[in-house]
Amino acid sequence: MKKSAVAAALGISLPTLRAYEERGIAPFSHKMFGRYFYDEQHVRKFIDNARRSQEASR
């Protein structure tokens, strides 16, 4: 997935996604040569987990 698609799916901006990458909390599937690669499955799992934790905290 392109970074712009990942950011849109997460509802965040590209600079925010880059900040998440630097902190190691972005839903990337792997990192190679300083680049982050995104897999649609990882992004969906990340979103689902965030929703579940949000619902559980209510």
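The values are calculated or read from the model by the stated rules, or taken from the named source; none is laboratory data. Keep in mind that this is a model prediction, so the values were computed, not measured. Backbone-built Cβ (ideal geometry, glycine too); neighbour counts: all protein chains shown. Accessible surface areas use protein heavy atoms only, side chains included; no ligands, DNA or RNA. Shrake-Rupley method; radii C 1.70, N 1.55, O 1.52, S 1.80 Å.
How much of residue 44 can a 1.4 Å solvent probe reach, expressed as accessible area in Å² and rounded to 10?
140 Å²
Would you list, by chain and number, the aspartates and glutamates whose Cα falls below 19 Å from the Cα of residue 31, excluding same-chain residues fewer than 8 positions away?
21, 22, 39, 40
What residues qualify as long-range amide H neighbours of residue 26, i.e. H under 5 Å apart, gap of 5 or more or another chain, H built at 1.01 Å from N?
For residue 26, the qualifying residues are 21.
Tell me the label-point distance for the pair residue 25, residue 4, using the 7 Å Cα-to-Cβ offset, in nm and rounded to one decimal.
Distance between the two pseudo-spin positions: 2.6 nm.
Hey, any idea what % of the chain's accessible area is carbon plus sulfur with a 1.4 Å probe?
Details: 2240 of 4470 Å².
Here it works out to 50 percent.
Tell me, what HN-Hα J-couplings in whole Hz come from the Karplus equation 6.51 cos²θ - 1.76 cosθ + 1.60 at θ = phi - 60° for each residue of region 26-36, using x for Gly and Pro?
6, x, 7, 7, 6, 10, 9, 6, x, 10, 9
Applying a 10 Å radius around every beta-carbon, put 31-38, 6-13 in order of their mean neighbour count, most first.
Values: 31-38: 10.8, 6-13: 15.5.
For the peptides 31-38, 6-13, the packing ranking is 6-13, 31-38.
Report, in debye and to the nearest 20, how large the dipole of the chain comes out about its Cα centre when Lys and Arg carry +1 and Asp and Glu carry -1 on their Cβ. Don't skip to the answer; put the middle values down first.
Details: 11 positive and 6 negative charges, 7 e Å.
Roughly 40 debye, rounded to the nearest 20.
Just by accessible area at a 1.4 angstrom probe, what is the order of 46, 28 from largest to smallest?
Numbers: 46 80, 28 55 Å².
Order by accessible area, largest first: 46, 28.
Report the Stokes-Einstein translational diffusion coefficient (µm² s⁻¹, integer) for the chain, Rh taken as the Kirkwood radius over Cα pairs, at 4 °C with viscosity 1.567 mPa s. If you can, show how the numbers build up before the last one.
Working: Rh = 11.8 Å.
For these conditions, the coefficient is 110 µm²/s.
Tell me, what ³J(HN,Hα) does each residue in region 6-13 have, in order and in whole Hz, if you take phi through Karplus 6.51 cos²θ - 1.76 cosθ + 1.60 with θ = phi - 60° and put x for Gly and Pro?
Per-residue couplings from phi come out as 5, 4, 5, 5, 7, x, 10, 8 Hz.
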